[in-house]
């Protein structure tokens, strides 16, 4: 069956999915494994779905290197619900939680936590228009802090943590929605990691949470049932009907990552892809104006502007005519943004590089 022409998809999320995954999902959509049913139709209590569910969790553990003592949860509500669930579970009275502000999403996480308990800003680069990640010496928190929260990658501003702060006995919590599984991390450094699936893990509708079990057990038990990590952990994320098709799709994406050679291989390719675009920016600093400082550049989201709004419009209109999708910057900051998530092929990044080079020549 002909695939037709695939878009050169640089959307920030929901984002590109591997073509092989989409093709397999299409093949299995009506009849999964000879059941005569789609995964979308079968009971979440069935043995067939339970096998999908457990295999997906096992792949998360394998690919991320999740050690013993951590739970892998599949939740709903996106990272935005985690903004509230984290303080509800881990911010007791008499303690304060620290937030490192590196962009819009960390601001939103802080705002939600402020509704629920005492918070403080441990560090911020807002005064510099979020062009960089703060250094370790800029981050301030007490040993009795409830936790320290960071956003690992900032989609809007195009910055990313290269090294996470050493918080000692203070639990480190990270929103990894936009760079989960894009590079190797040490899960043991974190008390909790959460990530919306729609950038690197699968379709929208699933939120992955990896949480240390001792953190789960210390949470209050008088929270609403669905807002307790404890309930989801004890029920293998099956307390209520989970987003079954999204979890199935996540499983296919994880198998694809494993087939690529795992996270290490994916990271090498991500560095290659980002390098193609950043080289054009570095070679033409008077024309392509990168937002992030070089030491804080994201491998997932390359953000830049052109000298004038008129040139930006021409650039984006021309890119659209060439089949590129999703290159507009976030509505809050404007400019241009290329999101290079795991499933974006190297060839698409090379095509964007060539377009940028030719556009620069045209306006030399």
Practice task
Please find, in a Gaussian network model of the chain (springs between Cα atoms separated by less than 10 Å), the residue of 195, 350, 79 whose mean-square fluctuation is greatest.
Solution key: 350
Problem - Between segment 45-77 and segment 102-178, the Cα center-to-center distance that results, in Å - result: 27
Practice task
Post the alpha-carbon centroid distance, segment 228-289 to segment 326-360, in whole angstrom.
Solution key: 18
Problem - Average silhouette area of segment 262-362, convex hull of alpha-carbon atoms, in square nanometres - result: 6.5
Problem - Over the chain: Kirkwood hydrodynamic radius from C-alpha pairwise inverse distances, Å - result: 21.4
Handout entry: Rh (Kirkwood; distinct C-alpha pairs) - segment 106-162, Å
Key = 12.5
Exercise for the section: For segment 1-81, just run the numbers: alpha carbon Rg, then divide by 2.2 N^0.38 Å, N being how many residues it has. Expected result: 1.37
Fill in the blank from the handout: Assertion target for 250, 42, ordered by fewest C-beta neighbours within 10 angstrom first, is 42, 250
Practice task
Using only the alpha carbons of segment 189-308, determine the length spanned along each of the three principal axes and report them from longest to shortest in whole angstroms.
Solution key: 57, 33, 29
Handout entry: Choice from 30, 263, 187 with maximal GNM fluctuation in the chain (Cα, 10 Å cutoff)
Key = 30
Completion exercise
For the residue 240, residue 186 Cβ pair and Förster radius 22 Å, calculated FRET efficiency rounded to 0.05 is 0.10
Completion exercise
Dividing the mean separation of Cα pairs under 8 Å (6+ apart) by the residue count of segment 257-364 yields a relative contact order in percent of 28
Exercise for the section: Determine which residues of segment 26-56 fall in the zone a paramagnetic label at residue 258 would reach in this model, i.e. backbone nitrogen under 18 Å from the point 7 Å along Cα→Cβ. Expected result: 33, 48-56
Practice task
Quickly estimate the mean residue ellipticity at 222 nm for the chain, helices only: each DSSP H run with n ≥ 4 gives -39500 (n - 2.57), and the total goes over all residues, rounded to 500.
Solution key: -11500 deg cm²/dmol
Completion exercise
As a percent rounded to 5, the proportion of antiparallel DSSP bridges among beta bridges in the chain is 55
Fill in the blank from the handout: Per GNM of the chain with C-alpha springs under 10 angstrom, the most fluctuating residue out of 342, 284, 301 is 284
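Computed from the coordinates by the stated procedures, all read-outs in this text should not be read as laboratory data. From a predicted model like this one, the values you see are computed outputs, not experimental measurements. Glycine also receives a Cβ, built like all others from the backbone with ideal geometry; neighbour counts cover every protein chain displayed.
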